[in-house]
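Each remark here refers to the structure printed beneath this line.
Just so it is clear, none of the values below were taken in a lab; they were calculated from the coordinates. As the structure is a computational prediction, the values presented were derived from the model and not from experiment. All Cβ positions, glycine included, derive from the backbone under ideal geometry; neighbour counts span all protein chains shown.
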C-alpha cells in the first residue's frame, strides 16, 4: 500500500470555515463520484484542522499554516500514479482543486508503510501482501488478478509479453512478469523474474493453462505433452523454484499460500473430448494434496480451486468444440448461470486470507453445484 499525505492550505481570501465547508461538502462528494480515481484507493480521509494554533495543527501543518490534512491510501505506487493520470480526474476533480486550495503552497508527503505494530485485521484482509498469478491477464486469471489488486495485494502477473497483457497490468496496478511457462525453462525464468521484484511471496496462484478438445483418435503426442507441460509440469516447478520466497513470507497463524486452479473437468466423469486437459487437472488436484502433506508443516498451505464454467477464452473454446454445450450447461447448473469474478475471486481471497489459515490439501469446487447435480 502507498500512502499520500497532503497538508492543504486554503486559497487567500477564503476563510477557514468556508474552506472546510467546501472541501468536505462539495469537493469530497465530487471526488467520491470519480470512480476512475477511487478504484485505485483503499481509503481517502479528510482531516480539517479545527484550531490553527493547536499542537496538532502545528504538528501536521508546520507551525499551524495549513487548514487540512488529506490522507490517501492507494493500493500501491503504480495505482497512485494511474489515479492522478485518469482522464476523469484531470477533467473534473483537478480543476476544482484550484477553487479553494493554494496548490503552490500546500505540501505532500509520500510514505511507504513499514509495519511495526499492526492493527487488528479482518479475517479476509490481504492488504500489503504480494501475489503471483500465472496467466493472470486473461479469463479466470484476470478475474483473480483484479480481485487481489482490489484487496490491496501487490500482484505480479506472469504471462506472455504483449501489448494487451502490459495494458492489463498497468490498468490494474499490477506488474507484468513476461514469461512463457510452456517451455522447459519457463518456471525457472519466471521465478528469477519474481525474485527481482520481491524476496517474500505470500500467495502463488498457479492459473496458467491451455485447453484443446478433439476426438480420442485425433489426439497427438505433441498436443498431449503441451497440455501436461503448462497445466501440470509448470505449477510443480514454479512451486519448487519459489519455495525460498514462500517460506520467507510464512508467519505463525498466517501461512504462505499456493492456490492451484484445477477444474471441474477433473472431478466428473464427462470428458467432452478434453482428454489431456482433464488428465492434467486431475494430476494437479493430486499434486495439490501431495504438496500440502509436505509443505503445510513448513508454513505453506496448498489448496486447489476447481472452477466450473466461467466466461473465458478457454471455456469459449470448450463450448465451440461441443455445439450447444453452453446452453446445456446453464440448464444443468442448479445456480442457473455461469460463474463470475466475485465467485472465483472470493474463493481465492478465502484461501489466501487468515480465514483459510487452517485449510490445506483441499479441492474447492466453485461451480454452482453442477458437479453434485
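Kindly express, to the nearest 10 degrees and within the range 0 to 90, the angle between helix 275-295's C-alpha long axis and the longest C-alpha principal axis of the chain.
In the chain, helix 275-295 runs at an angle near 60 degrees to the longest axis.
Got the relative contact order for segment 130-366 handy, in percent, Cα pairs under 8 Å and 6 or more residues apart? Could you put the intermediate results ahead of the total?
Numbers: 445 pairs, mean separation 50.1, N = 237.
Relative contact order for segment 130-366 comes out at 21 percent.
Could you compute the FRET efficiency for residue 108 and residue 188, with r as their C-beta to C-beta distance and R0 at 51 Å, rounded to 0.05? Display every interim value, and only then the final one.
Numbers: r = 42 Å, r/R0 = 0.82.
Plugging the Cβ-Cβ distance into 1/(1 + (r/R0)^6) gives 0.75.
Percent relative contact order of segment 2-112, based on C-alpha pairs within less than 8 angstrom and at least six residues apart?
Numbers: 179 pairs, mean separation 53.0, N = 111.
Relative CO of segment 2-112 lands at 48 percent.
Between residue 164 and residue 293, what is the spin-label point distance in nm, taking each point 7 Å from the Cα along the Cα→C-beta axis?
So the label points at residue 164 and residue 293 sit 4.1 nm apart.
Between residue 94 and residue 71, with labels modelled 7 Å along Cα→Cβ, what's the label distance in nm to one decimal, could you check?
A separation of 2.7 nm, rounded to one decimal place.
Once both axes come from the Cα atoms, what is the angle between helix 186-197 and the longest principal axis of the chain, in degrees from 0 to 90, rounded to 10?
10
Which value in nm describes the separation of the simple spin-label points at residue 21 and residue 316, placed 7 Å from the Cα toward the beta carbon?
5.4
In degrees between 0 and 90, to the nearest 10, how far off the longest principal axis of the chain does helix 139-150 point, with axes built from Cα atoms?
The angle comes out near 30 degrees.
Which of 350, 100, 168 moves most in a GNM of the chain, Cα contacts under 10 Å?
100
May I ask you to derive the FRET efficiency for residue 271 and residue 247 from their Cβ-Cβ distance with R0 = 35 Å, giving the value to the nearest 0.05?
Values: r = 38 Å, r/R0 = 1.10.
With R0 = 35 Å, the Cβ-Cβ based efficiency is 0.35.
Among DSSP bridges having both ends in segment 130-366, what percentage is antiparallel? Round to the nearest 5.
Values: 1 of 27 bridges.
Taking every DSSP beta bridge within segment 130-366, about 5 percent pair in antiparallel fashion.
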